[in-house]
1. Can you name the residue in segment B:205-219 that is open to solvent by 20 Å² or more (accessible area, probe 1.4 Å) and not in a loop (DSSP other than H, G, I, E, B) and, of all such residues, is nearest to A:Glu58 (Cα to Cα)?
2. Quick test for you: out of A:Ile275, A:Ile271, A:Ile245, A:Ile257, pick the one residue that is of a type outside the set (D, E, K, R), within 25 Å of B:Leu332 (Cα to Cα) and crowded, with 16+ Cβ neighbours inside 10 Å.
3. Looking at (1) within 16 Å of ligand 1 (Cβ to nearest atom); (2) part of a helix (DSSP H, G or I); (3) open to solvent by less than 10 Å² (accessible area, probe 1.4 Å), can you tell me which one A:Gln125 breaks?
4. Can you name every residue in segment B:233-262 that is within 15 Å of the chain's Cα centre (by Cα) and assigned to a strand (DSSP E or B)?
5. Every residue in segment B:249-266 that is open to solvent by 30 Å² or more (accessible area, probe 1.4 Å) and either more than 16 Å from ligand 2 (Cβ to nearest atom) or among the acidic types (Asp, Glu) (or both), please.
6. Filter segment B:172-224 for residues that are among the aromatic types (Phe, Trp, Tyr) and within 14 Å of ligand 2 (Cβ to nearest atom); which is farthest from the other protein chains (Cβ to nearest Cβ)?
7. Which helices (runs of 4 or more DSSP H) sit wholly inside segment A:1-80 and have at least 1 residues that are within 14 Å of chain B (Cβ to nearest Cβ)?
8. Being surrounded by 19 or more Cβ atoms within 10 Å (Cβ to Cβ), away from ligand 1 (no atom under 16 Å from the Cβ) and in a helix (DSSP H, G or I): is that true of B:Val222 here?
Amino acid sequence: MAVMTVLEAVRTALGEALDADARTFILGEDVETGGVFRATEGLKARFPGRLIDTPLAESSIVGVSIGAAHYGMRPIAEIQFADFIHSAFDQFVSEASRWSYRTRGESSLPMVVRTPWGGGVHGGQHHSQSIEAYYTHLPGLKVVAPSFPADYRSLLRASVDDPNPVLFLEHKRTYRLIRQEIDGAAAETVIGRSRVTRRGGDLTIYAYGLMLHESLAAAESLSAEGIECTVVDLLTLLPLDVETILETARNTGKVLIVHEDTLTGGFGGEIAALIAEHAFEYLDAPVRRLAAPDIPAMPYAHAMEAFFMPDRDKIATAARELAAY
Amino acid sequence: MTAKERRPRSKETIDQYLLSEQQLEEMYETMLLARRLNERMLALNRQGRAPFFIGGTGQEAAQVGAAMSLKRGEDYLVPYYRDLAMNLVFGMSAREAMLNLLAKKDDPHGGGRQMPSHWGVGSRKVVTGGSVVATQLLHAAGIALAAKMSSDPIVVLTCCGEGSTSKGDFHEALNFAQIHRLPVIFYVQNNGYAISESTEKEMPIAHVADRARAYNMHSASVDGMDAIAVYQTVKPAVDQARRGGGPFLIEARCYRLGAHSSDDDDSRYRPKAELEEWTQKDPITLFRRRVETDKVFPPEELDEIEERVTAEVQDAVEWATNQPDPAPEDALGFVYRE
Ligand SMILES: Cc1ncc(C[n+]2csc(CCOP(=O)(O)OP(=O)(O)O)c2C)c(N)n1
Ligand SMILES: [Mg+2]
């Protein structure tokens, strides 16, 4: 019986990956002492020479990983906070995501970039961001965003083994908050598959990261009121599990997409478009999105942060309205 | 008889400092205020009254000596998150510092929209910045470019830590500024660490100042624990930049006496002996010892300053605590300028 937090699951998977494949190594800021969230704690002693503290320069962390992956190593990079990844955006957009395509598959990049994302930690504008909307616009890259410890563990392993570049998003608020009995728990091992976490006939909620947990909490309380929700844990954002999304949308006829990123241009728009395009005849209500308001970034002060973040109450309210439609 | 009248003035020593008596007093008082504020802020964090704290303990001399080299109200300061003492020089009060820490509605540095220690007040010529390190160095170059194009005789001083000099933005800023001979001082506070990484992991050179050579830029490396030495190094560089002599890279060698932030446990990576060694070089203790030895101020006067500062901090906490918090919907404003 092993209960793991998200953080422990990540740390476990990293240790397993280093153990399983001598080509793997970890690089990033402060990783040798365990990193600011302690995801790599203890690994330096177990795997001498395979953790590299980098200079404070994210573009170099990703760019150097590209070179090492091209050579045949399997770098696992850590970007300390997702908010600081953007100086490496060019390396993702112009390089990593196109590597296989422009070499006609002759060369690919078996690399993972892990990064903590998301809010609710009083991190203010630069320690709370959702970055998925920018990076899911890059075919050639895979973007994984689990919610439960067992999936964190198995999908991080799958990401390391994948021959393509993977951006692996770890919701920092859930690191110590979410625990799970990991033995026998459902663990997705395939990148690109979603999971129906709860079945209910009235509507479907789509979410990932912290919002998945908030959605499950909302679904639980709605059930007591007689509203039954299907909840889909998206797990991988790119490539999307279109089949599961459409199947659940068709089954329930009402859909609510939840994310903590801002609304306009947010990832929810893609899911909404898919459903509108391919499940239109099955819909009993307009597609509903619940997201943060369109302001530049998450504010720091408590009241404004709470206002910004969707949560179980806001989800329940939106779901009730939708159910009553 | 007041302490001031009793003072055995030592005019030559004061002249040697290149600082007036009044400036020396300001130097001491500002360093001390920054220190006491930071101590109190950390305590408030530990009491659960402030979710986040990041401070400049150990860097007060580096900050005060440099900021006092600028013309307040005219020159621009583009600071980084440890520069509480610089902001105090530029007109921030203890009350305002606490408003910022507690993310109160009337905090002039964004009213709770950013983490504390992300300062910026346009009217004071302190330029807003985010948390992404080194981005501000380019803004500083841009301000200096605009000033030069406008024949405005100002100087821009911008700060970062030594770890941040690894970023491309740092190198791009120096390159741009030197090509155009801009009136900007790149002021790097080398405190020995970037979170857990000591300088050998951050760069292959011993002195940040050596980076200037790649850009054909003037540079200096100064003992950042000595406020007077800092002033004596930065002031001529500022004067030279103002006269059109171009940019300067200045490294202040100091030490982060505290943890990186309230979320950091520095015992995980920092040798105790090293911390103890640097504690012996505490910039405020050093300053006090020096002015006492040189008989610039009698000890009673320094004690008076100490009392004044303590009272100011106490008042600031009490006052700021009772100021209003932002309302939830305040989050929506100012996305665009109307
Ligand atoms: C681009 C970027 N990457 C990572 C961080 C996280 N971070 C905040 S401060 C810091 C260390 C900065 O070290 P240094 O520049 O030496 O300044 P110091 O904190 O020592 O004053 C890091 C890595 C950040 N703020 N920005
Ligand atoms: Mg430093």
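The values are calculated or read from the model by the stated rules, or taken from the named source; none is laboratory data. Model, not experiment: these values are computed from the prediction. When we count neighbours, we look across all protein chains shown, and the Cβ atoms used for this are built from the backbone with ideal geometry, even at glycine. Ligands, DNA and RNA are stripped out before the accessible areas are found, and what is left, the full protein with its side chains, is counted by its heavy atoms. Shrake-Rupley method; radii C 1.70, N 1.55, O 1.52, S 1.80 Å.
1. Selected residue: B:Arg211.
2. Testing whether each residue is of a type outside the set (D, E, K, R), within 25 Å of B:Leu332 (Cα to Cα) and crowded, with 16+ Cβ neighbours inside 10 Å leaves just A:Ile257.
3. The single condition A:Gln125 does not satisfy is (3).
4. Result: B:Ile250, B:Glu251, B:Ala252, B:Arg253.
5. Selection gives B:Asp263, B:Asp265, B:Asp266.
6. Filtering first and then ranking leaves B:Tyr187.
7. Counting at least 1 such residues, we get A:43-46, A:58-71.
8. No.
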